[in-house]
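**Q** The following block contains the structure, expressed as structure tokens.
The values are calculated or read from the model by the stated rules, or taken from the named source; none is laboratory data. Note that the structure is a prediction, hence the values are computed from the model and not measured. Please note: Cβ atoms are built from the backbone with ideal geometry, for glycine as well, and neighbour counts cover all protein chains shown. Just the protein is used for accessible areas: all its heavy atoms, side chains included, with ligands, DNA and RNA removed. Shrake-Rupley method; radii C 1.70, N 1.55, O 1.52, S 1.80 Å.
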Amino acid sequence: MATSLGANRYNRQNWEESDFPILCQTCLGDNPYIRMTKEKFGKECKICDRPFTVFRWCPGARMRFKKTEVCQTCAKLKNICQTCLLDLEYGLPIQTRDFALGLQNQDIPRSDVNKEYYTQNMEREIANTDGTVAVGSVGKAQAPSDILVRMARTTPYYKRNRPHICSFWVKGECKRGEECPYRHEKPTDPDDPLSDQNIKDRYYGINDPVADKLLRRANESIDQEAVKPPEDRTISTLYIGGLGEAIDEDDLRNHFYQFGEIRSINVVGKQNCAFVQFTKRSEAEHAAQKSAGRLLLKGKRLVVRWGKSQQSGRKDGGDKGESSKGQQFDPVPGLPGALPMPSAVGSGPGHYYGNQQQKNYLEPPPPGTVPMPGQDGGVMGVAPPTIAPPVMMMPPGYPGPAPNMPVHYPSQNPHRMGS
Amino acid sequence: MPRVRRSRKPPPDGWELIEPTLDELDQKMREAETESHDGMRKVESLWPIFKIHHQKSRYIFDLFYRRKAISRELYDYCLKENIADKNLIAKWKKQGYENLCCLRCIQARDTNFGTNCICRVPKDKLEAGKVVECVHCGCRGCSG
């Protein structure tokens, strides 16, 4: 269908010539120094069938070579990467992105002549803009919705650039062995809808199995994350998971102070999680409602759940505890007596809340308790079994220590074995 | 490759010593040429040709320079009759090219980025555990 380059009359299209591809971070790969080859009019655009400039590069070691698949006009129309056809901003399939932005399915013509005319008009429109805003309806709909933020990919996903699976190996007849540049791995189930994708459907945003999956998952997670406040009214602690190293207490404080007064923030570095305790239950409820599933700090998506009191954790682990009751630990004789309570728990911002925090214990810690500020929520077995301060929270699903476990000595704690 | 001997001049002394080996290599080359390409990749089909060509040149080169078993006359005769590839041998005399597999692998103009073939990269410069097999001649590394 592509007419010759010289034919440039009215209603005939210009062939695209470009100096640089429009690509996403993932497709470019992790190496900042890439060599690309450029081939003018190397292939037909897979959407509009016009010849365009094909770029080809290797996105890092042990990755397959990638090339641009659609022309820049088609890419700009949808604000997508020329290679993977995912949105440049959110890294989402077009169908998902359009759904989340509330865009109507634009009627891009599919027949030859109409398509030609449409592209031509669109090119004119693109030429009139400065190139900083997306053209068409994508550029106009600039209201990132919750669901979009929740689904968006925050870090590049380089696994997508891996070589394809060796089809010979699948049939059991790959003779290249070690030298084979393709992956020798079991393929996914061919009945899986995800294995049936095609580039045109993905571009037009219809029948995209990946988009369907993403939307389904997003909806499920909304249901799940409509976290019900726990029955226990004394709980005003939220569990924040998936912290990583970049996020510290201040970042959490900066986010959560908007919901109310924060009593304390415990960051458990080892388990990549933190516990944010509010002074009032209602504030915690508010914070949970506003942050669950959509908390994004420093580009990391965090998990927000309700904390569990140690008591409820014990109830959960009760059955297990009964069975393991037999192997109780003997109290270690000759341990030093009670230490005096530290005047302030922890350091930094927590310092100011130190005194208040102690007053807020529902029951004052009895003599014999040795508070270990650094291990709140982490290793709880260090507390004597007679009392568990309710401020100590644990992540949901954390198998609490078995009841009646008179562990007096950290090395006796089975949870710390080998660590 | 010396198919027809045009020169009337009889081969120099010592020819009868190397002739059987050369004949054998010729025979191998003929077999490689007639072998079917079924099940081979496109690039793979030429690999045996390059390999035998290399072997034959290497044989003459070793006899003259390493083992000093043949005379200058016979060596020149082999080069003149194209029994050995004189361009390839010329490379072998250069430092760093002692094991060069074929001339195509150092033809930088034929590549996208003006580089040599992957088989010319020293083993320790490659990432550990990477197995290479160049597309030109199937060489698995001819440097260092």
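**Q** Looking only at residues that are in contact (Cβ under 8 Å) with a residue 60 or more places away in the chain and polar (S, T, N, Q) in region A:63-90, which one is most open to solvent (accessible area, probe 1.4 Å)?
**A** A:79
**Q** Sticking with this structure for a sec: Right, residue A:194: closer than 24 Å to residue A:63 by Cα, more than 14 Å from every other protein chain (Cβ to nearest Cβ) and in contact with a helix residue (DSSP H, G or I) (Cβ under 8 Å, 6 or more places away or on another chain) or not?
**A** yes
**Q** Could you tell me which residue of region A:35-57 is nearest to residue A:112 (Cα to Cα), considering only residues that are of a type in the set (Lys, Arg) and away from chain B (no Cβ under 14 Å)?
**A** A:50
**Q** Here's a follow-up. Exactly one condition in (1) open to solvent by 40 Å² or more (accessible area, probe 1.4 Å); (2) touching a residue at least 60 places away in the same chain (Cβ under 8 Å); (3) within 14 Å of chain B (Cβ to nearest Cβ) is false for residue A:25; which is it?
**A** Of everything listed in (1) open to solvent by 40 Å² or more (accessible area, probe 1.4 Å); (2) touching a residue at least 60 places away in the same chain (Cβ under 8 Å); (3) within 14 Å of chain B (Cβ to nearest Cβ), residue A:25 misses just condition (3).
**Q** Further question: So which residues in region B:89-130 are of a type in the set (Phe, Trp, Tyr) and touching a residue at least 24 places away in the same chain (Cβ under 8 Å)?
**A** Matches in region B:89-130: B:92 only.
**Q** Confirm whether residue A:245 is closer than 19 Å to residue A:298 by Cα and at pLDDT below 80.
**A** yes
**Q** Oh, and also: One residue is enough: does region B:116-126 have a residue meeting the conditions assigned to a helix (DSSP H, G or I) and away from chain A (no Cβ under 14 Å)?
**A** Looking for residues that are assigned to a helix (DSSP H, G or I) and away from chain A (no Cβ under 14 Å), one finds at least one in region B:116-126, hence yes.
**Q** Kindly list the number of the only condition in (1) without any contact (Cβ under 8 Å) to a residue 40 or more places away in the chain; (2) touching a Leu at 6+ places or on another chain (Cβ under 6 Å) that fails for residue A:251.
**A** So the condition that residue A:251 fails would be (1).
**Q** Still on this model: Could you tell me whether region A:188-196 includes any residue that is without any contact (Cβ under 8 Å) to a residue 24 or more places away in the chain and over 26 Å from residue A:46 (Cα atoms)?
**A** Taking every residue of region A:188-196 in turn, at least one turns out to be without any contact (Cβ under 8 Å) to a residue 24 or more places away in the chain and over 26 Å from residue A:46 (Cα atoms).
**Q** Here's another thing I want to ask about it. Hey, can you tell me all the residues within region A:276-311 that are assigned to a strand (DSSP E or B) and farther than 29 Å from residue A:157 by Cα?
**A** A:276, A:277, A:278, A:306, A:308, A:309
**Q** Residue A:60 versus (1) open to solvent by less than 40 Å² (accessible area, probe 1.4 Å); (2) more than 14 Å from chain B (Cβ to nearest Cβ): which is the lone unmet condition?
**A** Just one mismatch for residue A:60, condition (2).
**Q** Looking at the structure I just gave you, is residue B:130 open to solvent by 40 Å² or more (accessible area, probe 1.4 Å) and within 14 Å of another protein chain (Cβ to nearest Cβ)?
**A** On the way: open to solvent by 40 Å² or more (accessible area, probe 1.4 Å): yes; within 14 Å of another protein chain (Cβ to nearest Cβ): yes.
Taking the combined requirement at face value, the residue satisfies it.
**Q** Whether any residue in region A:43-58 is hydrophobic (A, V, I, L, M, F, W, C) and touching a residue at least 60 places away in the same chain (Cβ under 8 Å) is what I want to check. Step through it out loud before you land on a result.
**A** Taking region A:43-58 first, the residues hydrophobic (A, V, I, L, M, F, W, C) are A:45, A:47-48, A:52, A:54-55, A:57-58.
Going one step further and asking which of them are touching a residue at least 60 places away in the same chain (Cβ under 8 Å), we end up with A:47-48.
Yes, region A:43-58 contains a residue that is hydrophobic (A, V, I, L, M, F, W, C) and touching a residue at least 60 places away in the same chain (Cβ under 8 Å).
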